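Let me begin by presenting the structure, written as structure tokens, before commenting on it.
The values are calculated or read from the model by the stated rules, or taken from the named source; none is laboratory data. Bear in mind that the values here come from a model prediction, so they are computed numbers and not experimental data. All Cβ positions, glycine included, derive from the backbone under ideal geometry; neighbour counts span all protein chains shown. The protein model used for the area step is the full one, side chains on, heavy atoms only, and it has no ligands, DNA or RNA in it. Shrake-Rupley method; radii C 1.70, N 1.55, O 1.52, S 1.80 Å.
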Amino acid sequence: MKSESEIKAYLQTPAGRLARYRMRRRKQVLLIVEGVEPRSKKMSEAERAAFQFQVAEQLEETKRTALRGPISAADSACDHAQDATQVHSIVKNLLDLLGRQGSADEDWQKKRFYKDDSQIQALSVSCVHGETRPSITIAARRLSTMIDDIELAAHATRGLDEKDSDHPHHEERDQECITSFRQLIDREAGLGASEARSWPTLTELSEAISGTER
């Protein structure tokens, strides 16, 4: 059996970092809802019920329960309408439907994706119009795992920069970004809804890691 120091040393090697990345990927939750037209809050009750039924069914099949804490999510919607609803209206409605539906929703931890959409702290959205069959794809994971992936990307970028003598200050810049991201993780415990709204968006995180400013 390897010692604790040997395990820690292995986790910092390329193979160890890859193994940790694959483990994080396995923890991602993926939902694919088919046959439901992505709409704004004008969505019919039947469509709402169909959407939530498929979500609950897939959570049960994969033995998943509602996600807790800050979340990073990616939503992809495909509809066949030519005069499509604006994307932000569609997303707002879907995020609401994924959460707990009031105090009477007692089994929400088994049927809903999360408790409240205020948990979404990083969101990527794409929407394709004019498709033959409507579908909605949602991938989500804890925000901390996304930050770990950004840290891994920074490490890989830094490795390339070390081979380039024209970029001597990249390592210092990336380390400052990583420190900031680790501080975000430390803040997860006890995070309130009002404070959660002040967390950075996915765009802000990406700009930070690339060293750009808005």
Kindly evaluate GLY102 against the criterion of being surrounded by fewer than 13 Cβ atoms within 10 Å (Cβ to Cβ) and out of contact with any Gly (no Cβ under 8 Å at 6 or more places or on another chain).
yes
Using the structure shown, decide if ILE90 is touching a Leu at 6+ places or on another chain (Cβ under 7 Å) and either more than 30 Å from ARG17 (Cβ to Cβ) or not charged (D, E, K, R) (or both).
no
Counted residues in region 128-148 being polar (S, T, N, Q) and in contact with a strand residue (DSSP E or B) (Cβ under 6 Å, 6 or more places away or on another chain) come to 2
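Residue-wise test of (1) out of contact with any helix residue (DSSP H, G or I) (no Cβ under 8 Å at 6 or more places or on another chain); (2) at positive phi; (3) in a helix (DSSP H, G or I); (4) open to solvent by 40 Å² or more (accessible area, probe 1.4 Å).
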position: VAL36; (1), (2), (3), (4): no, no, no, no
position: ARG48; (1), (2), (3), (4): no, no, yes, yes
position: PHE53; (1), (2), (3), (4): yes, no, yes, yes
position: ALA74; (1), (2), (3), (4): yes, no, no, yes
position: LEU94; (1), (2), (3), (4): no, no, yes, no
Taking first residues from region 88-116 that are under 20 Å from ALA74 (Cβ atoms) and second residues anywhere that are open to solvent by 50 Å² or more (accessible area, probe 1.4 Å) and acidic (Asp, Glu), the pairs with Cβ under 8 Å that are 6 or more apart or on different chains are GLY99/ASP116
Pairs, please: C-beta under 6 Å, at least 6 apart or cross-chain, first residue over 15 Å from ILE32 (Cα atoms) and in region 123-137, second open to solvent by less than 60 Å² (accessible area, probe 1.4 Å) and small (Gly, Ala, Ser)?
LEU123/ALA73; SER124/ALA74; HIS129/ALA84
Selection within region 1-34 - within 19 Å of the chain's Cα centre (by Cα) and in a helix (DSSP H, G or I)
ARG20, TYR21, ARG22, MET23, ARG24, ARG25, ARG26
Name the residue, out of LYS41, LYS2, that is without any contact (Cβ under 8 Å) to a residue 60 or more places away in the chain, farther than 29 Å from ILE138 by Cα, open to solvent by 100 Å² or more (accessible area, probe 1.4 Å) and among the charged types (D, E, K, R).
LYS2
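Is at least one residue of region 92-103 hydroxyl-bearing (Ser, Thr, Tyr), out of contact with any Ser or Thr (no Cβ under 6 Å at 6 or more places or on another chain) and within 15 Å of VAL29 (Cα to Cα)?
First, pick out the residues of region 92-103 that are hydroxyl-bearing (Ser, Thr, Tyr): 103.
Filter once more, so that each one left must be out of contact with any Ser or Thr (no Cβ under 6 Å at 6 or more places or on another chain): 103.
Now drop any that are not within 15 Å of VAL29 (Cα to Cα), which leaves none.
There is no residue in region 92-103 that is hydroxyl-bearing (Ser, Thr, Tyr), out of contact with any Ser or Thr (no Cβ under 6 Å at 6 or more places or on another chain) and within 15 Å of VAL29 (Cα to Cα).
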